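I have placed the structure first, in the form of structure tokens, so that the comments after it can refer back to it.
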Amino acid sequence: MTRILSVLALLVSLGLVLLSMPSFVQAGDPEQGKKLYELYCATCHGQSGKGDGAAAAALNPKPRDHTDKAYMSTLSDDDMLKVVKNGGASIGKSPIMPPWGATLKDDQIKDVIAYIRTLCCK
């Protein structure tokens, strides 16, 4: 019985260690991400990601230019996952950026991120 309790304690400890580790976004599929970007993001961010979509003229602040390598390279994939999933306001950015977490699954958001990386960081 003591051995079982020791093993259980070890498993609980391991689980707590894993939960406290930072999360890392695994790379997505940029081809799938492009399709999703065109459907959900291009209206504001533009087809080429320059922040010049059809709705951009009416927005203040303007949508982020995803081709801006200097800025985009400062964002981790995890940062990007948070803003796409939870919206701009969730990380102190534009409240106009909607949360897509109810529409897109995490894997789909990872695909969008992979596509955005092709726009700025080739």
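The values are calculated or read from the model by the stated rules, or taken from the named source; none is laboratory data. Because the structure is predicted, anything quoted here is derived from the model rather than measured. Ideal geometry is used to build each Cβ from the backbone, glycine not excepted, and the neighbour counts take in all protein chains shown.
Within segment 13-44, the set of residues being of a type outside the set (Gly, Ala, Ser), modelled with pLDDT of 95 or more and crowded, with 17+ Cβ neighbours inside 10 Å comprises Pro30, Lys34, Leu36, Tyr37, Tyr40, Cys41, Cys44. Going by the structure shown, is Lys93 modelled with pLDDT of 95 or more and of a type in the set (Lys, Arg)? It is false that Lys93 is modelled with pLDDT of 95 or more and of a type in the set (Lys, Arg). So which residues in segment 53-83 are touching a Gly at 6+ places or on another chain (Cβ under 8 Å) and either farther than 18 Å from Val112 by Cα or among the hydrophobic types (A, V, I, L, M, F, W, C) (or both)? Answer for segment 53-83, where residues must be touching a Gly at 6+ places or on another chain (Cβ under 8 Å) and either farther than 18 Å from Val112 by Cα or among the hydrophobic types (A, V, I, L, M, F, W, C) (or both): Ala56, Lys62.
The residue list Met80, Met97 contains one member that is of a type in the set (A, V, I, L, M) and under 21 Å from Glu31 (Cα atoms), which is Met80.
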